[in-house]
1. For the stretch 50-70, name all the residues that are of a type outside the set (A, V, I, L, M, F, W, C) and either within 9 Å of the ligand (Cβ to nearest atom) or within 24 Å of the chain's Cα centre (by Cα) (or both).
2. Applying the selection to the stretch 213-238, what residues are within 11 Å of Asp274 (Cα to Cα), out of contact with any helix residue (DSSP H, G or I) (no Cβ under 6 Å at 6 or more places or on another chain) and of a type in the set (A, V, I, L, M, F, W, C)?
3. Does Lys213 satisfy being more than 16 Å from the ligand (Cβ to nearest atom), out of contact with any Cys (no Cβ under 7 Å at 6 or more places or on another chain) and within 25 Å of Met298 (Cα to Cα)?
4. For the stretch 328-349, which residues satisfy the criterion of being under 21 Å from Ala147 (Cβ atoms) and not in a helix (DSSP H, G or I)?
5. If a residue has to be loosely packed, with under 14 Cβ neighbours inside 10 Å and at pLDDT 95 or above to count, how many in the stretch 1-16 make the cut?
6. Would you be able to tell me the number of residues in the stretch 17-49 that are surrounded by fewer than 20 Cβ atoms within 10 Å (Cβ to Cβ), of a type in the set (A, V, I, L, M, F, W, C) and either more than 14 Å from the ligand (Cβ to nearest atom) or within 11 Å of Ile6 (Cβ to Cβ) (or both)?
7. Looking at the stretch 7-36 only, could you name the residues that are in a loop (DSSP other than H, G, I, E, B) and out of contact with any Cys (no Cβ under 8 Å at 6 or more places or on another chain)?
8. Going through the stretch 378-398 one residue at a time, which ones are closer than 19 Å to Pro99 by Cα, assigned to a helix (DSSP H, G or I) and either aliphatic (A, V, I, L, M) or free of Cβ contacts under 8 Å to residues at least 40 places away in the same chain (or both)?
Amino acid sequence: MKTLGIGFVGAKYGARMHYENYKKLPQGLIEIRGICSRTPESAETLARDIGVSFATDNLDALLARKDIDVIDICTPPATHHEIAIRAAEAGKHIIMEKPLTGYFGEPGDQEPIGLHVPRARMRAGARKNAEAVRDAVRKNDVQFCYAENWVYSPTIAKMRNLIAASKGSILELRAEENHSGSTSEYNRQWKNTGGGALQRMGVHSVGACLHIKQWEGQQRTGRPIRPVSVIADVADLINTEASERAKKANAHKWINSNPIDVENWANVTIRFDDGSRATVLVSDAGLGGLNTRVTAFMTDGVIKANMTANDAVETYAVDPNAFGKEYFSGNLETKAGWNRPSCDEDWFRGFAQEIEDFVYAIRDNRAPFSGIDLAVDCVNVIYSAYLSAEEGRMVLLE
Ligand SMILES: NC(=O)c1ccc[n+]([C@@H]2O[C@H](COP(=O)([O-])OP(=O)(O)OC[C@H]3O[C@@H](n4cnc5c(N)ncnc54)[C@H](OP(=O)(O)O)[C@@H]3O)[C@@H](O)[C@H]2O)c1
């Protein structure tokens, strides 16, 4: 079997996280052969750290390499669709961090776009970008692997097995994610990320709910259960009277969320074609460390999947430094008091499993478990939710 050559685009958090999980694969399966980043310094730093000889700030130079089969896109969302289309046209398979794409502004838009551009126009633009990637992938006959790690989490895998073992139906899914906000500068603005907490975090919850219902449908009737409409509310909780009151009382020191034109809270209800519902609740203003959960309320039982802060390991300390630099879990404010450090966060959250599936899918020329159709559906649901929140009405998914 030939070794798959991987080229990274993006050289910071996401690329390093993917690299840690490529390292777990059997030797000879893949080799990282090139790194491209916006600045040569970033590409060179990662290349040096992980022992790769080719670093560039020129995407064409990366795409021109014949020994690179797969482009792993770990850049901010605004860049995703263009990089993916160029990669597909160069005949490269694609691994892409979430979200697939969104709306990031067009010439003539008043800035900041999140405060000025109507969501109907944004939805049309985001869907155009998403379909352009799907077209390029199909036309050039390359694989598209959508890095929606939640669907690879062993907790969601167990949920799938339990649903298959039952004869019941999921009447309601509840998916949630919260933490104390992104520290990344680019996440503060719609033009970089294509939205706020819903687009950045909620895309996981939406992806998991769409995946679980389509999988339930395949199990029960041989056809996917599809989403048909959404109703949503979004908010910037930081720029509120409630938030200001706490700041004046010096009781508002821990939340990082500092948006320019994006929401940091969202609540979305998705209706499916079998009449069931999914609710997605995300917040960038929720202390207590990363919280990611999906609950399936079924006719014959309840299944709770908890990807973070589960109680496999529990610690207590008075001194927050008692356990030194040992990693606990994402976005945790303090190690003092009772805590639940993850014993293997990349495994619980599905990062290791997604990379493994992608590499074998590309090698064996089969579809990955999470591919382009889920990615496109997520864009549609999220931007329909933005439209619903703006216009205060239920929006049908076309
Ligand atoms: N699945 C998850 O839980 C998860 C978690 C975190 C992030 N993500 C996703 O991962 C992706 C990257 O986020 P991140 O946290 O890794 O961001 P990051 O740490 O800021 O890194 C972004 C990288 O992309 C590079 N870049 C920006 N524009 C570029 C362009 N046009 N061409 C080439 N390189 C470019 C940057 O270059 P320079 O350094 O040269 O400026 C930087 O190296 C996002 O889509 C995000 O949603 C997913």
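1. Hits for the stretch 50-70 are Asp57, Asp69.
2. Within the stretch 213-238, just Val228 meets the criteria.
3. yes
4. Across the stretch 328-349, the qualifying residues are Ser329, Gly330, Asn331, Ser342, Asp344, Arg349.
5. Residues flagged as loosely packed, with under 14 Cβ neighbours inside 10 Å and at pLDDT 95 or above within the stretch 1-16 amount to 1.
6. Here the count works out to 2.
7. Residues satisfying the conditions are Lys23, Lys24, Leu25, Pro26, Gln27, Gly28, Leu29.
8. Correct list: Val379, Val381, Ile382, Ala385, Leu387.
The values are calculated or read from the model by the stated rules, or taken from the named source; none is laboratory data. Bear in mind that the values here come from a model prediction, so they are computed numbers and not experimental data. All Cβ positions, even for glycine, are placed from backbone atoms using ideal geometry, and neighbour counts span all protein chains on display.
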